[in-house]
Amino acid sequence: MNQFATMPAADAGAALYSSELSAADFREISELVRSMVGIQLTEAKQGLVKSRLQKRLRRLGMTQFSQYVAFIKTAEGAGEVEELISAISTNVTAFNREPHHFEHFRENVIPLLAKKIHSREPVRIWSAGCSNGSEPYTIACAVLDAIPNAGDHDFHILATDIDKYSLATGKQGIYTEEMVSKMPSEKAKSWFQKTDQGYEVHPKARKLVSFKTLNLMTSWPIKRKYDAIFCRNVMIYFCAEDQARIISQFANHLYPGAFLYIGHSERVLGPAAEKFVSAGATTYQYDPKKVST
């Protein structure tokens, strides 16, 4: 989940479903989204929410947002909550997005990972809010460029998101030529194979990545520590309290000296912030022994 995308133009017949989204209905939807996934929908997002959910109204044969709000409160509408979250959190991402992070990762982190592999130590990387898989696959390709046999070792990239449709795209691992063109070099692009459906991620890269559903606002069924965590353009939609809590949890899941990459509009907050040292633009290294002065 990275950031809100621009909605495509409404399709034909949308005028039949042009019911206004009342302030009361918007407030109830906002409160549900906030409680479920932490995303804060301000009044400025009311038009976006309306346009996003009109498709769901049409799919359900409804003409009023009040019907929709009433439906998601029922036992029968429990499954629709997942569709609601998916519609609201539709993401924008790209391969090699915010390239300075991947440059830092290639230059400073991969050599450390290579040493761990040589010592037969496990390597773990987490892409939290992985969207359609472009982020974890960019990581995987960067690793394979430097360590072609990484898949032969205990090397694993966890990719998590709340949106089932984005995760399905990641698991399928097929992208457009335009998306793949964002990769930083021809060497990186070599980890894709042209097919009738598009450009498919090479099996060696797919082997490194596993996709799982995870809501950052709930308890995490994660026990391991990680050598690097990418969580970019996710926390920007959370309140400061939730951001601080998530940063604290990330700290608990990082090895000493490991790195945290966050979005260009984000920063580390809360009590755990003093345990992170700036290592570049929105790049932080975890130092649990650091004492604030």
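The values are calculated or read from the model by the stated rules, or taken from the named source; none is laboratory data. Quick caveat: nothing in here was measured; it's all calculated off a predicted structure. Positions of Cβ are generated from backbone atoms using ideal geometry, with glycine treated the same way; all protein chains shown enter the neighbour counts.
Structure notes:
- For region 227-237, the criterion of being assigned to a loop (DSSP other than H, G, I, E, B) and modelled with pLDDT of 95 or more is satisfied by at least one residue.
- Residue match in region 68-80 (condition: outside the structural domain of Q40 (by TED's automatic domain parsing) and either β-branched (V, I, T) or surrounded by fewer than 16 Cβ atoms within 10 Å (Cβ to Cβ) (or both)): no
- In region 134-192, residue farthest from K116 (Cα to Cα) [restricted to those that are over 21 Å from the mean Cα position of the chain (by Cα) and acidic (D, E)]: E177
- I117 passes every criterion in (1) part of a helix (DSSP H, G or I); (2) not assigned by TED's automatic domain parsing to the domain that holds E241 apart from (2).
- Note on region 120-165: residues that are of a type in the set (S, T, Y), at pLDDT below 95 and part of a helix (DSSP H, G or I) total 1.
- If you check D161, D145 for being of a type in the set (D, E), buried (at least 22 other Cβ atoms within 10 Å of the Cβ) and in contact with a helix residue (DSSP H, G or I) (Cβ under 6 Å, 6 or more places away or on another chain), only one passes: D161.
- Taking the criterion of being part of a helix (DSSP H, G or I) and at pLDDT 90 or above, the residues of region 85-109 that qualify are P99, H100, H101, F102, E103, H104, F105, R106, E107, N108, V109.
- Among the residues of this structure, P122 does not count as one that is within 26 Å of A279 (Cβ to Cβ) and touching a Pro at 6+ places or on another chain (Cβ under 7 Å).
Yes/no matrix, rows are residues, columns are (1) at pLDDT 95 or above; (2) not assigned by TED's automatic domain parsing to the domain that holds A128:
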{"site": "P256", "(1), (2)": "yes, no"}
{"site": "L260", "(1), (2)": "yes, no"}
{"site": "H264", "(1), (2)": "no, no"}
{"site": "V268", "(1), (2)": "yes, no"}
{"site": "A272", "(1), (2)": "yes, no"}
{"site": "K275", "(1), (2)": "yes, no"}
{"site": "A279", "(1), (2)": "yes, no"}
{"site": "T282", "(1), (2)": "yes, no"}
{"site": "S292", "(1), (2)": "no, yes"}
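- Region 36-56, subset closer than 15 Å to S22 by Cβ and aliphatic (A, V, I, L, M), residue surrounded by the most Cβ atoms within 10 Å (Cβ to Cβ): L53
- Test: residue in region 131-138 that is assigned by TED's automatic domain parsing to the domain that holds L254, farther than 29 Å from I162 by Cβ and in contact (Cβ under 8 Å) with a residue 60 or more places away in the chain: no
- The single condition among (1) in a loop (DSSP other than H, G, I, E, B); (2) within 23 Å of I110 (Cα to Cα) that K207 does not meet is (1).
- Search result, residues across region 60-79 that are assigned to a helix (DSSP H, G or I) and modelled with pLDDT under 90: A78, G79
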